[in-house]
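A short worksheet on the structure shown next.
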Amino acid sequence: MDLVIRNATLPDGRRGIDIGIDGGRIAAVETRLAARGAREIDAGGDLVTPPFVDAHFHMDSVLSHGLPRVNRSGTLLEGIRLWGELKPLLAQEALIERAMHYCDWAVARGLLAIRSHVDICDDRLLAVEALLEVKRLVAPYLDLQLVAFPQDGLLRSASAFANLRRAIAMGVDVVGGIPHFERTMAQGAESIRLLCEFAAEQGLRVDMHCDETDDPLSRHIETLAYETHRLGLQGRVAGSHLTSMHSMDNYYVSKLLPLIAESGVAAIANPLINITLQGRHDTYPKRRGMTRVPELLAAGVDVAFGHDCVLDPWYGMGSGDMLEVAHMGLHVAQMTGSAAMHECFLAVSATPARILGLEGYGLAPGCHADLVLLDAGSTVEAIRLRAARKIVIRRGQVLAEAPPARASLYLPGRPCATDFRHAAHDTQAAPEKPGDPG
Ligand code: FE2
(Lines give C-alpha, C1' and ligand atoms only; values in the text may rest on other atoms or scores of the structure.)
Protein backbone atom coordinates (compact mmCIF):
# COMPACT_ATOMS: atom_id res chain seq x y z
CA MET A 1 0.00 0.00 0.00
CA ASP A 2 1.13 3.57 -0.63
CA LEU A 3 -0.12 4.79 2.74
CA VAL A 4 -1.70 3.27 5.85
CA ILE A 5 -3.40 5.34 8.56
CA ARG A 6 -3.50 3.37 11.83
CA ASN A 7 -5.87 3.56 14.78
CA ALA A 8 -8.39 6.05 13.45
CA THR A 9 -11.83 6.90 14.80
CA LEU A 10 -14.37 7.28 12.00
CA PRO A 11 -17.28 9.75 11.82
CA ASP A 12 -19.77 6.93 12.51
CA GLY A 13 -18.04 6.23 15.85
CA ARG A 14 -16.04 3.10 14.90
CA ARG A 15 -12.71 3.11 16.72
CA GLY A 16 -9.32 1.49 16.19
CA ILE A 17 -9.69 1.41 12.40
CA ASP A 18 -6.81 1.15 9.91
CA ILE A 19 -7.23 2.74 6.47
CA GLY A 20 -5.15 1.38 3.60
CA ILE A 21 -4.58 3.62 0.56
CA ASP A 22 -3.28 2.56 -2.83
CA GLY A 23 -3.21 4.34 -6.17
CA GLY A 24 -5.06 7.37 -4.78
CA ARG A 25 -8.05 5.29 -3.64
CA ILE A 26 -9.07 3.73 -0.34
CA ALA A 27 -8.16 0.03 -0.55
CA ALA A 28 -9.13 -1.19 2.93
CA VAL A 29 -10.97 0.01 6.04
CA GLU A 30 -10.58 -2.56 8.82
CA THR A 31 -9.22 -3.27 12.27
CA ARG A 32 -5.59 -4.49 12.41
CA LEU A 33 -4.85 -4.26 8.68
CA ALA A 34 -2.00 -6.71 7.96
CA ALA A 35 -0.64 -4.92 4.89
CA ARG A 36 2.15 -2.39 5.45
CA GLY A 37 2.28 1.03 3.86
CA ALA A 38 5.22 2.79 2.20
CA ARG A 39 4.24 5.54 4.63
CA GLU A 40 2.36 4.96 7.88
CA ILE A 41 0.50 7.58 9.91
CA ASP A 42 -0.55 6.92 13.49
CA ALA A 43 -3.90 8.66 14.06
CA GLY A 44 -3.60 7.93 17.78
CA GLY A 45 -7.36 7.32 18.10
CA ASP A 46 -8.25 10.67 16.53
CA LEU A 47 -10.98 11.32 14.00
CA VAL A 48 -10.35 10.67 10.31
CA THR A 49 -13.07 12.00 8.04
CA PRO A 50 -13.64 12.56 4.34
CA PRO A 51 -12.96 16.24 3.61
CA PHE A 52 -15.22 19.16 4.39
CA VAL A 53 -17.48 20.35 1.60
CA ASP A 54 -18.93 23.86 1.29
CA ALA A 55 -22.23 23.74 -0.61
CA HIS A 56 -22.69 27.53 -0.82
CA PHE A 57 -20.04 30.14 -1.39
CA HIS A 58 -19.27 33.33 -3.36
CA MET A 59 -15.70 33.13 -4.58
CA ASP A 60 -15.98 36.15 -6.88
CA SER A 61 -16.32 38.45 -3.88
CA VAL A 62 -14.10 36.61 -1.37
CA LEU A 63 -11.43 38.66 0.44
CA SER A 64 -12.76 41.92 -1.07
CA HIS A 65 -13.77 43.38 2.31
CA GLY A 66 -13.28 47.17 2.28
CA LEU A 67 -13.28 47.42 -1.55
CA PRO A 68 -14.24 50.09 -2.43
CA ARG A 69 -15.63 50.74 1.08
CA VAL A 70 -16.99 48.74 4.01
CA ASN A 71 -20.67 47.86 4.50
CA ARG A 72 -21.65 50.47 7.12
CA SER A 73 -25.08 49.06 8.02
CA GLY A 74 -23.98 45.44 7.73
CA THR A 75 -27.25 44.63 5.91
CA LEU A 76 -27.91 42.36 2.92
CA LEU A 77 -29.26 45.22 0.79
CA GLU A 78 -26.27 47.51 1.42
CA GLY A 79 -24.07 44.50 0.64
CA ILE A 80 -25.81 44.05 -2.73
CA ARG A 81 -25.44 47.83 -3.45
CA LEU A 82 -21.78 47.69 -2.44
CA TRP A 83 -21.17 44.68 -4.70
CA GLY A 84 -22.80 46.72 -7.52
CA GLU A 85 -20.25 49.51 -6.88
CA LEU A 86 -17.36 47.04 -6.84
CA LYS A 87 -18.33 45.05 -9.96
CA PRO A 88 -17.25 47.62 -12.59
CA LEU A 89 -13.93 48.00 -10.76
CA LEU A 90 -13.09 44.29 -10.71
CA ALA A 91 -9.88 43.27 -12.44
CA GLN A 92 -9.56 39.68 -13.53
CA GLU A 93 -6.04 39.18 -12.23
CA ALA A 94 -6.89 40.49 -8.75
CA LEU A 95 -10.02 38.35 -8.62
CA ILE A 96 -8.04 35.22 -9.50
CA GLU A 97 -5.41 36.11 -6.90
CA ARG A 98 -7.99 36.55 -4.13
CA ALA A 99 -9.78 33.31 -5.04
CA MET A 100 -6.53 31.34 -5.19
CA HIS A 101 -5.53 32.74 -1.81
CA TYR A 102 -8.84 31.62 -0.33
CA CYS A 103 -8.43 28.14 -1.85
CA ASP A 104 -5.11 27.87 0.03
CA TRP A 105 -6.93 28.67 3.28
CA ALA A 106 -9.58 26.09 2.39
CA VAL A 107 -7.08 23.29 1.76
CA ALA A 108 -5.27 24.00 5.03
CA ARG A 109 -8.63 23.58 6.80
CA GLY A 110 -9.49 20.32 5.06
CA LEU A 111 -12.08 21.94 2.80
CA LEU A 112 -11.54 20.22 -0.55
CA ALA A 113 -14.81 20.85 -2.42
CA ILE A 114 -16.65 24.15 -2.83
CA ARG A 115 -19.79 25.10 -4.77
CA SER A 116 -19.40 28.78 -5.58
CA HIS A 117 -21.99 31.06 -7.13
CA VAL A 118 -20.59 33.47 -9.71
CA ASP A 119 -22.44 36.65 -10.64
CA ILE A 120 -23.32 36.65 -14.37
CA CYS A 121 -24.99 40.10 -14.45
CA ASP A 122 -21.82 41.85 -15.61
CA ASP A 123 -21.98 41.67 -19.43
CA ARG A 124 -18.21 41.21 -19.60
CA LEU A 125 -18.54 37.92 -17.66
CA LEU A 126 -15.18 38.79 -16.20
CA ALA A 127 -15.80 36.93 -12.94
CA VAL A 128 -16.97 33.85 -14.87
CA GLU A 129 -13.77 33.78 -16.91
CA ALA A 130 -11.69 34.32 -13.76
CA LEU A 131 -13.35 31.57 -11.73
CA LEU A 132 -13.22 29.10 -14.64
CA GLU A 133 -9.47 29.74 -14.66
CA VAL A 134 -9.33 29.23 -10.88
CA LYS A 135 -11.31 26.00 -11.25
CA ARG A 136 -8.71 24.76 -13.75
CA LEU A 137 -5.78 25.82 -11.56
CA VAL A 138 -7.05 24.23 -8.33
CA ALA A 139 -8.44 21.04 -9.94
CA PRO A 140 -5.52 18.86 -8.80
CA TYR A 141 -6.31 19.61 -5.14
CA LEU A 142 -9.80 21.11 -4.81
CA ASP A 143 -13.15 20.48 -6.56
CA LEU A 144 -14.65 23.85 -7.47
CA GLN A 145 -18.22 23.70 -8.80
CA LEU A 146 -19.60 26.93 -10.26
CA VAL A 147 -23.20 28.20 -10.27
CA ALA A 148 -24.35 30.84 -12.79
CA PHE A 149 -25.94 33.35 -10.43
CA PRO A 150 -28.06 36.27 -11.71
CA GLN A 151 -27.44 38.50 -8.69
CA ASP A 152 -29.52 41.41 -10.09
CA GLY A 153 -32.48 39.17 -10.98
CA LEU A 154 -33.01 36.97 -14.06
CA LEU A 155 -35.97 39.04 -15.32
CA ARG A 156 -35.08 42.28 -13.55
CA SER A 157 -31.73 42.55 -15.30
CA ALA A 158 -32.12 42.88 -19.10
CA SER A 159 -29.18 40.72 -20.19
CA ALA A 160 -29.16 38.22 -17.33
CA PHE A 161 -30.71 35.21 -19.09
CA ALA A 162 -28.50 35.64 -22.17
CA ASN A 163 -25.45 35.98 -19.90
CA LEU A 164 -26.48 32.91 -17.90
CA ARG A 165 -26.69 30.85 -21.10
CA ARG A 166 -23.27 32.16 -22.16
CA ALA A 167 -21.78 31.27 -18.77
CA ILE A 168 -23.14 27.71 -19.00
CA ALA A 169 -21.77 27.39 -22.54
CA MET A 170 -18.36 28.52 -21.21
CA GLY A 171 -18.32 25.68 -18.67
CA VAL A 172 -20.19 26.85 -15.56
CA ASP A 173 -21.75 23.75 -13.99
CA VAL A 174 -25.01 24.68 -12.24
CA VAL A 175 -28.04 26.92 -12.94
CA GLY A 176 -28.64 29.58 -10.25
CA GLY A 177 -31.41 32.06 -9.53
CA ILE A 178 -32.71 34.65 -7.05
CA PRO A 179 -36.52 34.65 -7.31
CA HIS A 180 -37.14 36.79 -4.20
CA PHE A 181 -35.14 39.62 -5.83
CA GLU A 182 -37.30 39.77 -8.98
CA ARG A 183 -39.80 42.63 -9.27
CA THR A 184 -42.88 40.70 -8.11
CA MET A 185 -43.74 37.35 -6.56
CA ALA A 186 -45.18 36.34 -9.97
CA GLN A 187 -41.93 37.28 -11.75
CA GLY A 188 -40.01 35.29 -9.13
CA ALA A 189 -42.14 32.22 -9.89
CA GLU A 190 -41.67 32.82 -13.63
CA SER A 191 -37.88 32.97 -13.17
CA ILE A 192 -37.95 29.60 -11.38
CA ARG A 193 -39.97 28.02 -14.20
CA LEU A 194 -37.63 29.38 -16.89
CA LEU A 195 -34.46 28.36 -15.04
CA CYS A 196 -35.68 24.86 -14.16
CA GLU A 197 -36.81 24.27 -17.75
CA PHE A 198 -33.40 25.44 -18.98
CA ALA A 199 -31.63 23.12 -16.50
CA ALA A 200 -33.83 20.16 -17.53
CA GLU A 201 -33.08 20.84 -21.21
CA GLN A 202 -29.35 21.01 -20.53
CA GLY A 203 -29.23 18.12 -18.02
CA LEU A 204 -27.83 20.40 -15.29
CA ARG A 205 -28.21 20.80 -11.55
CA VAL A 206 -30.02 23.80 -10.03
CA ASP A 207 -29.12 25.81 -6.92
CA MET A 208 -31.12 28.97 -6.28
CA HIS A 209 -30.86 31.63 -3.64
CA CYS A 210 -34.47 31.19 -2.55
CA ASP A 211 -36.59 33.20 -0.12
CA GLU A 212 -33.60 34.92 1.48
CA THR A 213 -35.89 37.34 3.33
CA ASP A 214 -37.89 37.49 6.56
CA ASP A 215 -41.14 37.70 4.58
CA PRO A 216 -43.48 35.02 5.99
CA LEU A 217 -45.47 35.09 2.74
CA SER A 218 -42.55 34.42 0.40
CA ARG A 219 -43.44 31.21 -1.46
CA HIS A 220 -40.61 30.56 -3.90
CA ILE A 221 -39.48 27.30 -2.28
CA GLU A 222 -42.99 25.96 -2.97
CA THR A 223 -42.60 26.86 -6.67
CA LEU A 224 -39.07 25.41 -6.77
CA ALA A 225 -40.33 22.12 -5.31
CA TYR A 226 -43.26 22.09 -7.77
CA GLU A 227 -41.06 22.72 -10.83
CA THR A 228 -38.53 20.12 -9.66
CA HIS A 229 -41.32 17.56 -9.41
CA ARG A 230 -42.94 18.58 -12.72
CA LEU A 231 -39.68 18.39 -14.67
CA GLY A 232 -38.32 15.22 -13.03
CA LEU A 233 -35.32 17.03 -11.52
CA GLN A 234 -35.47 15.16 -8.18
CA GLY A 235 -32.08 14.93 -6.46
CA ARG A 236 -30.55 17.63 -8.66
CA VAL A 237 -32.03 20.79 -7.12
CA ALA A 238 -31.12 22.78 -4.01
CA GLY A 239 -32.78 25.77 -2.38
CA SER A 240 -30.20 27.98 -0.71
CA HIS A 241 -30.97 30.07 2.39
CA LEU A 242 -34.79 29.50 2.62
CA THR A 243 -34.77 31.98 5.51
CA SER A 244 -38.43 32.93 5.01
CA MET A 245 -39.32 29.45 6.28
CA HIS A 246 -38.22 30.67 9.71
CA SER A 247 -41.10 33.18 9.72
CA MET A 248 -43.78 31.25 7.83
CA ASP A 249 -47.08 30.18 9.33
CA ASN A 250 -46.68 26.79 11.04
CA TYR A 251 -49.71 25.23 9.33
CA TYR A 252 -48.39 26.22 5.91
CA VAL A 253 -44.94 24.76 6.74
CA SER A 254 -46.59 21.48 7.75
CA LYS A 255 -47.78 21.21 4.13
CA LEU A 256 -44.55 22.57 2.62
CA LEU A 257 -42.08 20.17 4.33
CA PRO A 258 -43.46 16.96 2.74
CA LEU A 259 -43.70 18.78 -0.60
CA ILE A 260 -39.95 19.59 -0.44
CA ALA A 261 -39.12 16.03 0.63
CA GLU A 262 -41.26 14.49 -2.11
CA SER A 263 -39.55 16.67 -4.73
CA GLY A 264 -36.07 15.62 -3.58
CA VAL A 265 -35.03 19.28 -3.21
CA ALA A 266 -32.09 19.78 -0.84
CA ALA A 267 -31.84 22.73 1.54
CA ILE A 268 -28.68 24.75 2.15
CA ALA A 269 -28.65 26.99 5.22
CA ASN A 270 -25.86 29.50 5.78
CA PRO A 271 -25.77 29.92 9.57
CA LEU A 272 -23.06 32.60 9.87
CA ILE A 273 -24.74 34.82 7.29
CA ASN A 274 -28.36 34.08 8.20
CA ILE A 275 -27.84 34.95 11.87
CA THR A 276 -26.15 38.25 10.97
CA LEU A 277 -28.29 39.39 8.00
CA GLN A 278 -31.81 38.26 8.92
CA GLY A 279 -34.13 39.93 11.39
CA ARG A 280 -32.72 43.37 10.51
CA HIS A 281 -36.17 44.95 10.30
CA ASP A 282 -37.07 43.58 13.74
CA THR A 283 -36.74 45.56 16.95
CA TYR A 284 -37.05 43.07 19.81
CA PRO A 285 -37.51 40.17 19.88
CA LYS A 286 -35.28 39.66 16.81
CA ARG A 287 -35.83 36.59 14.65
CA ARG A 288 -32.85 34.30 14.04
CA GLY A 289 -33.86 33.91 10.40
CA MET A 290 -32.19 30.57 9.68
CA THR A 291 -34.42 28.01 7.96
CA ARG A 292 -36.06 25.17 9.94
CA VAL A 293 -33.13 22.76 9.91
CA PRO A 294 -34.26 20.06 12.40
CA GLU A 295 -37.74 19.97 10.87
CA LEU A 296 -36.37 19.66 7.33
CA LEU A 297 -34.07 16.83 8.46
CA ALA A 298 -36.94 15.07 10.22
CA ALA A 299 -38.97 15.28 6.98
CA GLY A 300 -36.14 13.46 5.18
CA VAL A 301 -34.67 16.48 3.36
CA ASP A 302 -30.90 16.74 2.86
CA VAL A 303 -29.70 19.85 4.70
CA ALA A 304 -26.19 21.27 4.31
CA PHE A 305 -24.57 24.25 5.99
CA GLY A 306 -22.66 26.64 3.71
CA HIS A 307 -20.11 29.35 4.53
CA ASP A 308 -21.58 31.77 1.93
CA CYS A 309 -19.16 34.66 2.47
CA VAL A 310 -15.66 35.35 3.80
CA LEU A 311 -14.40 38.93 4.10
CA ASP A 312 -16.64 40.46 1.43
CA PRO A 313 -19.39 43.14 1.12
CA TRP A 314 -21.79 41.00 3.17
CA TYR A 315 -19.56 39.61 5.89
CA GLY A 316 -16.38 40.97 7.46
CA MET A 317 -15.56 37.69 9.20
CA GLY A 318 -14.77 34.08 8.27
CA SER A 319 -11.71 31.96 7.55
CA GLY A 320 -12.81 28.98 5.44
CA ASP A 321 -13.35 26.83 8.52
CA MET A 322 -16.40 24.61 8.01
CA LEU A 323 -16.28 23.58 11.68
CA GLU A 324 -16.99 27.21 12.57
CA VAL A 325 -19.99 27.03 10.21
CA ALA A 326 -21.20 23.78 11.83
CA HIS A 327 -20.67 25.29 15.29
CA MET A 328 -22.85 28.29 14.47
CA GLY A 329 -25.49 26.11 12.77
CA LEU A 330 -25.68 23.87 15.83
CA HIS A 331 -26.32 26.87 18.09
CA VAL A 332 -28.75 28.78 15.88
CA ALA A 333 -30.85 25.65 15.19
CA GLN A 334 -30.59 24.55 18.85
CA MET A 335 -29.34 21.15 17.66
CA THR A 336 -27.82 20.19 20.99
CA GLY A 337 -28.93 16.54 21.29
CA SER A 338 -26.02 14.17 20.61
CA ALA A 339 -27.48 12.81 17.34
CA ALA A 340 -28.35 16.36 16.26
CA MET A 341 -24.79 17.59 16.99
CA HIS A 342 -23.45 14.75 14.84
CA GLU A 343 -25.88 15.78 12.05
CA CYS A 344 -24.23 19.23 12.10
CA PHE A 345 -20.90 17.58 11.23
CA LEU A 346 -22.53 15.71 8.32
CA ALA A 347 -24.02 19.05 7.16
CA VAL A 348 -20.50 20.26 6.29
CA SER A 349 -19.19 16.95 4.93
CA ALA A 350 -21.21 13.95 3.62
CA THR A 351 -24.49 15.80 2.98
CA PRO A 352 -23.08 18.60 0.79
CA ALA A 353 -20.98 15.98 -1.02
CA ARG A 354 -24.29 14.32 -2.02
CA ILE A 355 -25.81 17.67 -3.01
CA LEU A 356 -22.83 18.51 -5.23
CA GLY A 357 -22.90 14.98 -6.69
CA LEU A 358 -19.22 14.39 -5.86
CA GLU A 359 -18.02 11.13 -7.36
CA GLY A 360 -15.99 8.79 -5.12
CA TYR A 361 -16.55 10.75 -1.89
CA GLY A 362 -16.57 8.73 1.31
CA LEU A 363 -14.73 6.35 3.58
CA ALA A 364 -15.27 2.98 1.95
CA PRO A 365 -12.97 0.85 -0.22
CA GLY A 366 -13.00 2.26 -3.75
CA CYS A 367 -13.57 5.88 -2.69
CA HIS A 368 -10.99 8.57 -3.42
CA ALA A 369 -8.33 8.70 -0.71
CA ASP A 370 -9.36 12.23 0.33
CA LEU A 371 -9.12 12.39 4.12
CA VAL A 372 -8.62 14.77 7.02
CA LEU A 373 -7.07 13.80 10.37
CA LEU A 374 -8.49 16.06 13.07
CA ASP A 375 -7.20 16.84 16.54
CA ALA A 376 -10.39 15.46 18.08
CA GLY A 377 -11.80 12.11 19.15
CA SER A 378 -15.29 12.44 17.64
CA THR A 379 -17.38 14.54 15.26
CA VAL A 380 -18.97 16.38 18.17
CA GLU A 381 -15.60 17.13 19.76
CA ALA A 382 -14.35 18.36 16.38
CA ILE A 383 -17.16 20.93 16.31
CA ARG A 384 -16.75 21.87 19.97
CA LEU A 385 -13.06 22.61 19.55
CA ARG A 386 -13.11 23.71 15.88
CA ALA A 387 -10.32 21.12 15.95
CA ALA A 388 -6.99 21.61 14.19
CA ARG A 389 -6.54 19.73 10.92
CA LYS A 390 -3.41 17.72 11.64
CA ILE A 391 -3.15 16.19 8.16
CA VAL A 392 -5.09 16.83 4.94
CA ILE A 393 -4.84 14.16 2.23
CA ARG A 394 -6.07 14.24 -1.37
CA ARG A 395 -5.84 11.19 -3.65
CA GLY A 396 -3.45 9.64 -1.13
CA GLN A 397 -1.04 12.62 -1.14
CA VAL A 398 -0.48 14.78 1.95
CA LEU A 399 -1.50 18.36 1.04
CA ALA A 400 -1.23 20.05 4.42
CA GLU A 401 0.11 19.31 7.88
CA ALA A 402 -0.30 21.37 11.05
CA PRO A 403 0.79 20.68 14.60
CA PRO A 404 -2.07 20.47 17.10
CA ALA A 405 -2.59 23.72 18.97
CA ARG A 406 -1.46 23.32 22.58
CA ALA A 407 -0.81 25.83 25.34
CA SER A 408 1.60 25.02 28.14
CA LEU A 409 0.45 26.22 31.56
CA TYR A 410 2.88 26.87 34.41
CA LEU A 411 0.56 27.43 37.34
CA PRO A 412 1.86 27.82 40.89
CA GLY A 413 1.49 24.57 42.83
CA ARG A 414 0.32 22.61 39.76
CA PRO A 415 2.20 20.30 37.37
CA CYS A 416 2.76 21.60 33.84
CA ALA A 417 -0.28 20.78 31.69
CA THR A 418 -0.63 20.85 27.92
CA ASP A 419 -3.72 18.90 26.76
CA PHE A 420 -7.09 20.43 27.59
CA ARG A 421 -9.24 19.09 24.79
CA HIS A 422 -10.93 16.09 26.42
CA ALA A 423 -13.72 16.43 28.94
CA ALA A 424 -13.44 14.35 32.12
CA HIS A 425 -16.31 12.18 30.88
CA ASP A 426 -16.06 11.80 27.14
CA THR A 427 -19.58 10.76 26.26
CA GLN A 428 -19.23 12.23 22.78
CA ALA A 429 -17.30 9.39 21.23
CA ALA A 430 -20.07 7.79 19.20
CA PRO A 431 -23.24 9.31 17.79
CA GLU A 432 -26.47 8.00 19.29
CA LYS A 433 -27.61 6.62 15.98
CA PRO A 434 -25.07 5.30 13.52
CA GLY A 435 -24.31 8.14 11.16
CA ASP A 436 -23.46 8.07 7.50
CA PRO A 437 -19.72 7.37 7.40
CA GLY A 438 -19.64 9.48 4.29
FE1 FE2 B 1 -25.23 33.33 -1.24
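Tabulated results
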{"item": "Fraction of accessible area attributable to carbon and sulfur, the stretch 52-356 (%, probe 1.4 Å)", "result": "55"}
{"item": "Linear extension gain, H331 paired with R280, 0.36 nm per residue minus alpha-carbon span", "result": "16.4 nm"}
{"item": "Shape call, the stretch 83-175: gyration tensor on alpha carbons, a/c limit 1.5", "result": "prolate"}
{"item": "Sum of side-chain charges, G235 neighbourhood, beta-carbon under 11 Å (Lys, Arg +1; Asp, Glu -1)", "result": "+2"}
{"item": "Lys, Arg +1 and Asp, Glu -1 on Cβ, resulting dipole of the stretch 52-356 about Cα centre, debye, nearest 20", "result": "200"}
{"item": "Around G23: net Lys/Arg minus Asp/Glu count, Cβ-Cβ under 13 Å", "result": "0"}
{"item": "Selected from G74, H327, A130, residue furthest toward positive end of dipole (the stretch 52-356; charges at beta carbon)", "result": "G74"}
{"item": "Cα shape, the stretch 52-356, gyration tensor, a/c 1.5 rule", "result": "rounded"}
{"item": "Probe 1.4 Å, accessible area per residue of the chain, Å²", "result": "39"}
{"item": "Projected area, mean over directions - the stretch 25-135, Cα convex hull, nm²", "result": "10.3"}
{"item": "Karplus 3J(HN,Hα) series, Hz, for the stretch 348-362 with 6.51 cos²θ - 1.76 cosθ + 1.60 (x for Gly, Pro)", "result": "10, 9, 5, 5, x, 4, 5, 5, 6, x, 5, 7, x, 7, x"}
{"item": "Between the stretch 169-188 and the stretch 307-341, the alpha-carbon center distance in angstrom", "result": "25"}
{"item": "Cβ-based charge dipole, the stretch 52-356, positive-most Cα from G110, Y284, I96", "result": "Y284"}
{"item": "Highest-MSF residue in the chain out of G289, G306, G235 [GNM, Cα springs under 10 Å]", "result": "G235"}
{"item": "Mean Cβ neighbour count within 10 Å, used as a protection proxy, ranking 379-389, 344-354 highest first", "result": "344-354, 379-389"}
{"item": "Cβ crowding within 10 Å averaged over residues, with 325-331, 281-287, 56-62, 214-220 ranked highest first", "result": "56-62, 325-331, 214-220, 281-287"}
{"item": "At 0.692 mPa s and 37 °C, Stokes diffusion of the stretch 207-278 via Kirkwood alpha-carbon radius, µm² per second", "result": "269"}
{"item": "Pairwise centroid distance, computed over Cα atoms, of the stretch 138-154 with the stretch 21-92, Å", "result": "13"}
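The values are calculated or read from the model by the stated rules, or taken from the named source; none is laboratory data. Here the structure is a predicted model, which means the values were calculated and not measured. So basically every Cβ, Gly included, is an ideal-geometry build from the backbone, and we count neighbours across all protein chains shown. Areas reflect the complete protein model, heavy atoms only, side chains present, ligands, DNA and RNA absent. Shrake-Rupley method; radii C 1.70, N 1.55, O 1.52, S 1.80 Å.
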